[in-house]
1. Please pick out the residue among Ala204, Ala190 that is surrounded by fewer than 20 Cβ atoms within 10 Å (Cβ to Cβ), among the small types (Gly, Ala, Ser), touching a strand residue (DSSP E or B) at 6+ places or on another chain (Cβ under 8 Å) and under 19 Å from Trp164 (Cβ atoms).
2. Among the strands (runs of 3 or more DSSP E) confined wholly to the stretch 371-435, which include 3 or more residues that are under 27 Å from the mean Cα position of the chain (by Cα), surrounded by 19 or more Cβ atoms within 10 Å (Cβ to Cβ) and touching a residue at least 12 places away in the same chain (Cβ under 8 Å)?
3. Of His246, His223, which residue is surrounded by 17 or more Cβ atoms within 10 Å (Cβ to Cβ), farther than 27 Å from Glu269 by Cβ and not assigned by TED's automatic domain parsing to the domain that holds Asp639?
4. Go through the stretch 562-613 and give me each residue that's in contact with a helix residue (DSSP H, G or I) (Cβ under 7 Å, 6 or more places away or on another chain), in a loop (DSSP other than H, G, I, E, B) and polar (S, T, N, Q).
5. Return the residue satisfying two criteria in turn: it lies in the stretch 332-370 and is part of a strand (DSSP E or B), aliphatic (A, V, I, L, M) and touching a residue at least 60 places away in the same chain (Cβ under 8 Å), and of such residues it is surrounded by the most Cβ atoms within 10 Å (Cβ to Cβ).
6. Got at least one residue in the stretch 129-142 being assigned to a strand (DSSP E or B) and surrounded by 21 or more Cβ atoms within 10 Å (Cβ to Cβ)?
7. Go over the candidates Gly519, Gly508, Gly542 one by one and state the one that is in contact with a Leu (Cβ under 7 Å, 6 or more places away or on another chain) and assigned to a loop (DSSP other than H, G, I, E, B).
8. Those residues that are acidic (Asp, Glu) and assigned to a loop (DSSP other than H, G, I, E, B), I need them from the stretch 147-200; list them, please.
Amino acid sequence: MKKIFFLLFLSPLILSAQLTYPVTNKGEVVDTYHGITVPDPYRWLEDDRSPATAEWVTQQNKVTFNYLDQIPYRQEWLARLEEINNYAKYSSPFRKQDFFYFYKNDGLQNQSVLYRQKGLQGKPELVLDPNKFSAEGTTSLAVFSLSKNGRYAVVGKSAGGSDWRTYFVMDMLTKKYLKDSLAWVKVSGASWQGDGFYYSRYPAPEKGKELSTKNENHQVWFHKAGTSQEKDRLVYEDKANPQRFHTVFTDESERYVFLNISDRGKGKEGNSLWYMDSRAGQGSFKPLIPEVGDFQYSFVGENAGKFVLLTNDSARNRRLILLDPAKPARENWQEILPEKTENISGVSFAGNRLFVTYMKDVTSRVYVYDLNGKMEREVVLPGPGTAGGFGGDKEDKFVFYTFTSITFPPTIYKYDITTGQSTLFRKPEVKFNPEDYVTEQVFYPSKDGTKIPMFIVYKQGLQKSGKNPAILYGYGGFNISTTPNFSPARIAWLEQGGVYCLANLRGGSEYGEKWHEAGMRLKKQNVFDDCIAAAEFLIREGYSSPDYLAVQGGSNGGLLVGAVINQRPDLFKVAIPQVGVMDMLRFHKFTIGWNWIPEYGSSDNPEDFKNLFAYSPVHNIKDGINYPATLVTTADHDDRVVPAHSFKYAATLQEKYKGANPVLIRVDVNSGHGASNLKKSLETTADIYSFIFYNTGAKPDFSQLQKDKKGF
């Protein structure tokens with residue numbers, strides 16, 4: 001017993017010194033890129049289904065979990081995370097005929113449950129409980145799409161967090177499944193027309209390589225409810241361009257069928273758009289935007305036989321246009337809403353109105369316009385934060401929307417379209433006091449002088465002593481904004497004196513396409529510079545210091561973490577790269593990785609190769625560098641960023657880094673690019689928080705929380 005007690009309270013330095021990493025065999029693979037030879041000794045780890053890789057993962061997990069098990073407060077973190085997450089969470093309702101549908105999680109359910117009720121005052125009845133899809137609750141409800149009359153629904157299931165979907169059809173009168181079962185669905189919705197629906201799928205992949213093989217030849221099919229997949233009708237494919245995405249959707253009336261085509265495998269940012277008028281007996285698609293180029297065109301709604309589109313064509317912050325399918329040429333376009341200084345982050349069509357959300361300094365501004373582009377009013381929001389929703393049908397008199405911020409739990413409002421009044425519909429009962437926390441938005445200079453916004457959140461009374469454990473979180477890519485939103489898990493971090501910092505790096509859409517372009521392809525280094533400058537700001541202003549600062553990011557953000565700690569390891573004590581894109585020379589060779597070529601470029605191109613090779617995390621790990629304590633996280637069912645990225649990165653870092661800080665990889669089971677259920681998500685978060693506190697020497701105090709409970 002004494003020995004166990006002693007081990008529990010070993011210092012991080014002693015515990016790290018005791019680590020013995022599994023031996024990772026090195027191969028002799030060498031690639032040549034444009035005359036430059038590049039060794040790839042851990043290529044064998046790309047075969048994530050081989051016995052050798054499976055054994056490597058087992059041994060790595062053994063080392064990792066042995067380490068985590070010896071952190072004395074790890075279980076207390078998990079218990080607190082479960083406690084603060086244990087409250088009812090609701091989605092906004094959505095209507096189909098007489099029913100309102102909504103999702104609810106009672107608190108700690110692994111998956112949210114789908115309910116419906118007649119009218120807003122009706123009694124809720126259970127429709128689908130995804131917690132019963134699998135024994136461990138790791139199969140989720142990824143798609144639920146109702147037919148126009150509400151009679152049928154497509155139920156799309158994702159097993160273990162995979163991007164693959166299997167579609168089923170439910171009879172909503174009996175709430176029983178029909179015999180339909182559709183396999184190998186990916187990058188797809190389910191768009192109904194009558195008693196059938198359009199969906200997109202790939203040919204069945206090679207057995208044993210379902211989660212890693214390159215996905216090509218995206219096909220559109222039409223399925224009639226109550227039939228087998230073998231009887232589906234092929235609607236569209238393009239074998240000459242195997243790396244194109246093809247998706248089909250219908251408008252609200254189901255009269256118009258739209259075909260959206262993108263070609264990101266060839267580095268194209270935009271899409272083409274075709275349509276078919278089913279009432280006119282039109283048998284094939286006609287072009288609206290005939291060629292795939294660099295501009296994006298999104299269908300918003302139909303108005304008197306003309307189409308409202310959102311586009312960045314001639315508008316880097318996006319604009320709304322009206323396109324007549326009888327005269328689709330550019331010279332006939334009508335502009336409904338011109339481009340503004342702020343970027344349009346979303347548009348909804350409901351109640352014969354346009355709900356347009358602009359982003360101003362990373363917070364939402366929502367305006368209501370008539371169909372001619374005349375502004376009627378602004379939607380008054382509770383404060384600075386993120387608003388979403390506003391969807392509905394043409395004849396709706398009201399819509400729902402959700403508002404949230406970092407310390408404001410997602411709250412649902414009902415908006416009256418005629419009066420413009422918002423009324424509280426549903427507020428979550430979270431056991432915390434928002435007044436106990438401070439949210440600052442700062443604008444700090446990056447290396448080239450560009451001002452970068454960042455949210456900094458901490459508990460009232462925090463001293464800027466430089467001794468606060470802090471998480472710097474970033475993403476910076478793919479035209480995706482990292483907006484302020486609520487996470488109960490983050491409250492658990494803040495109440496222990498932790499600082500949370502959300503940096504809005506270039507590469508996202510916070511300030512439109514210009515902001516995105518400044519952080520993509522040959523300008524990707526700007527993103528890393530922005531993150532480094534954020535860390536320097538936090539240190540300079542006393543929020544944290546290199547002994548207490550952690551950097552965290554997932555997917556493209558995992559790439560960010562890997563690149564930044566290669567370039568400036570001195571700024572961070574801890575690094576948390578999650579499901580990261582770590583091998584920038586080979587990312588396009590797996591599943592749909594080719595889809596990222598417009599963002600990153602490709603090693604097949606000499607100029608892109610030079611740029612990618614300069615920052616690729618796996619290829620820039622150097623001997624003799626004091627790397628931060630690093631916890632790499634990935635999962636066995638991640639078929640978006642395949643786990644081979646993290647495997648090769650961890651093996652290389654363990655090989656080259658000889659310092660005292662731990663370098664560990666945590667491989668989750670039956671999870672994908674994100675946690676496959678709530679339990680796994682909370683366990684991962686508890687391990688991350690424990691790892692950060694342990695390696696910064698900070699000590700959480702959970703005893704005070706027990707005393708404070710009576711105050712809630």
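The values are calculated or read from the model by the stated rules, or taken from the named source; none is laboratory data. Everything numeric in this text was worked out from a predicted model, so none of it was measured. FYI the Cβ positions are ideal-geometry reconstructions off the backbone, even for glycines, and counts take in every protein chain you see.
1. Working: Ala190 fails: surrounded by fewer than 20 Cβ atoms within 10 Å (Cβ to Cβ).
Within the list Ala204, Ala190, the selection yields Ala204.
2. On the way: elements: 375-379, 386-389, 398-405, 408-416, 422-426.
Here the list reads 386-389, 398-405, 408-416.
3. Values: His246 fails: farther than 27 Å from Glu269 by Cβ.
Going through His246, His223 in turn, just one is surrounded by 17 or more Cβ atoms within 10 Å (Cβ to Cβ), farther than 27 Å from Glu269 by Cβ and not assigned by TED's automatic domain parsing to the domain that holds Asp639: His223.
4. Hits for the stretch 562-613 are Ser602, Ser603.
5. Among those residues, the one meeting the criterion is Ala350.
6. Step one: list which residues in the stretch 129-142 are assigned to a strand (DSSP E or B), which gives 139-142.
Those still in the list that are surrounded by 21 or more Cβ atoms within 10 Å (Cβ to Cβ) too: 139-140.
Yes, the stretch 129-142 contains at least one residue that is assigned to a strand (DSSP E or B) and surrounded by 21 or more Cβ atoms within 10 Å (Cβ to Cβ).
7. Numbers: Gly508 fails: in contact with a Leu (Cβ under 7 Å, 6 or more places away or on another chain); Gly542 fails: in contact with a Leu (Cβ under 7 Å, 6 or more places away or on another chain).
After applying the criteria, what remains is Gly519.
8. Quick first cut of the stretch 147-200, residues acidic (Asp, Glu) only: 163, 171, 180, 195.
Listed by number, the residues that qualify are Asp163, Asp195.
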